[in-house]
1. Using a Förster distance of 45 Å, how high is the FRET efficiency between VAL104 and LYS74, based on the Cβ-Cβ distance and rounded to 0.05?
2. Compute the label zone of ALA81 within the stretch 103-133: residues whose backbone N is under 18 Å from the point 7 Å along Cα-to-Cβ.
3. Starting from the Cα of ASP171, step 7 Å toward the Cβ, then list every residue of the stretch 43-59 with an amide N under 20 Å from that point.
4. Which order do THR55, THR138, THR80 take when ranked by solvent-accessible area (1.4 Å probe, heavy atoms of all protein chains), largest first?
5. How much length is gained if the chain between GLU188 and GLU139 is pulled fully straight, taking 0.36 nm per residue apart and subtracting their Cα-Cα distance, in nm to one decimal?
6. Based on the mean of other beta carbon atoms within 10 Å per residue, what is the order of 147-160, 56-69, most packed first?
7. Could you work out how much longer the chain between ASP154 and ASN37 gets when fully extended? Use 0.36 nm per residue separation minus the Cα distance between them, nm to one decimal.
8. Under 21 Å Cα-Cα from LYS88, which lysines qualify once same-chain neighbours fewer than 8 residues away are excluded?
Amino acid sequence: GQNTLRRAGALGFVASAASAFDAAKDIMEALRGKHANLASELEVLLTEIGSRFVTLPEERLLAVVNALLHRCYKYPTATTAEVPQSLKKELSGVCRACFSADAVNKHVDFVREYKQDFERDLDPESIATFPSTLSQLTERLKHWKNVLQSNVEDRFPAVLKLEEESRVLRDFHVIDVEVPGQYFTDQEIAPDHTVKLDRVAADIPI
């Protein structure tokens, strides 16, 4: 029945994710074998960007709130309808993920600032205060989107200085990395006309 279909869908997703990972691994191994310099440069770039420019918890929570707000807009039910079970389940998952014991240890200030109010407004387990209708939930999500967006814009600089964020990227001279998007037309590009990445700019707009 429905449970079987759901399990099959989940297994299909896991299988496709696994096969995508295996394909990426095969590509990187082939790249290392035939283009060692390019593989090395890409790995340095990706490792440094992935470790130095991670999104902060406020930004991640803002993205989730924004996505849930768009979900509310798409529901065909009347705004006075009860909050759908699927949305309640997602909100429970958001609260667990954002304010877990691990988050408390890693992001103390974030948890202290947001946990109590966010769970009061949007955690389905807060039965006395959780919105009773889709309309009320939409208004709560709008409120939290405004709060988080304002805080993100106020607290983070418009530009990061590369010399302060990553000396590795500042001193990194690229040789073989081509700029993406040059091969979307049917025309051949001569090797001496390909555009390659020269360096990472000193100022990084946020």
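1. 0.85
2. Output list for this probe position: 131-133.
3. 43-53
4. Values: THR55 70, THR138 20, THR80 110 Å².
Greatest to least solvent exposure: THR80, THR55, THR138.
5. Numbers: separation 49, 0.36 × 49 = 17.64 nm, distance 5.25 nm.
Going from the current span to full extension adds 12.4 nm.
6. On the way: 147-160: 12.6, 56-69: 17.1.
Listed from highest to lowest mean packing, they are 56-69, 147-160.
7. 38.0 nm
8. LYS74, LYS115, LYS142, LYS145
The values are calculated or read from the model by the stated rules, or taken from the named source; none is laboratory data. Bear in mind the structure is a predicted one, so any value in this text is a computation, not a measurement. Every residue, glycine among them, receives a Cβ derived from its backbone with ideal geometry; neighbour counts consider all protein chains shown. Ligands, DNA and RNA are stripped out before the accessible areas are found, and what is left, the full protein with its side chains, is counted by its heavy atoms. Shrake-Rupley method; radii C 1.70, N 1.55, O 1.52, S 1.80 Å.
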